[in-house]
1. Could you list log10 I(q)/I(0) for the stretch 2-122 at q = 0.10 Å⁻¹, which the Debye formula gives when each Cα is one point scatterer?
2. Under a point-charge model restricted to the Cβ atoms of Lys and Arg (+1) and Asp and Glu (-1), what is the dipole moment magnitude of the stretch 1-107 relative to its Cα centre, in debye to the nearest 20?
3. Quote to one decimal, in nm, the extra length available between residue 36 and residue 19 on full extension: 0.36 nm per residue of separation minus the C-alpha distance between them.
4. Name the long-range amide H neighbours of residue 22: under 5 Å, sequence gap of 5 or more, or other chain; modelled H, no Pro or chain starts.
5. Once both axes come from the Cα atoms, what is the angle between helix 40-53 and the longest principal axis of the chain, in degrees from 0 to 90, rounded to 10?
6. What is the sum of charges around residue 27, taking Lys and Arg as +1, Asp and Glu as -1, for the other residues whose C-beta is under 12 Å from the C-beta of residue 27?
Amino acid sequence: MIGTREEAGGAHFAFTDRWGGVSAAPYEELNLGGAVGDAPGAVLANRALAAKDLGLDPAHVVWMNQVHGREVAVVEEPWGEGPVPAVDAVVTARRGLALAVLTADCVPVLLADAVAGVVGAAH
């Protein structure tokens, strides 16, 4: 399920492929996108599978309601049951909090400042 995993200055990053999930055709297996028409339960199950495969608590992965824009959310804790903000990037200084970014026709930008202890993910 995980394409690669690297470590840079204390920050970990990973990429997933599409295999090993529960989504039915046409989403086929590990669809993580909640805005493409897949069953919401399948997307949540896939996100939990991906997190667990990385050794993460699914509740500590921060997902965005991704938009093409310039809004950035500073994240101090998981969203919980609250609304997921419509942003183009997330940034945090909290250790152990995972930031997620989805891609299709856009290239993700992952940022890490080991000295400041800040990481970010942009769509």
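1. Treating every Cα as an identical point scatterer, log10 I(q)/I(0) equals -0.29.
2. Working: 7 positive and 14 negative charges, 27 e Å.
Roughly 140 debye for the stretch 1-107.
3. Numbers: separation 17, 0.36 × 17 = 6.12 nm, distance 1.73 nm.
Full extension of this stretch gives 4.4 nm more.
4. Residues meeting the amide H criterion: 31, 46.
5. Helix 40-53 sits at roughly 50 degrees to that axis.
6. On the way: positive: 18; negative: 28, 29, 38.
In short, -2.
Values quoted throughout were computed directly from the atomic coordinates according to the rules given, and no laboratory measurement underlies them. What you see is a predicted model, and the numbers here were worked out from it, not measured in a lab. Quick reminder, even Gly has a Cβ in these numbers, built from the backbone with ideal geometry, and neighbours come from all protein chains shown.
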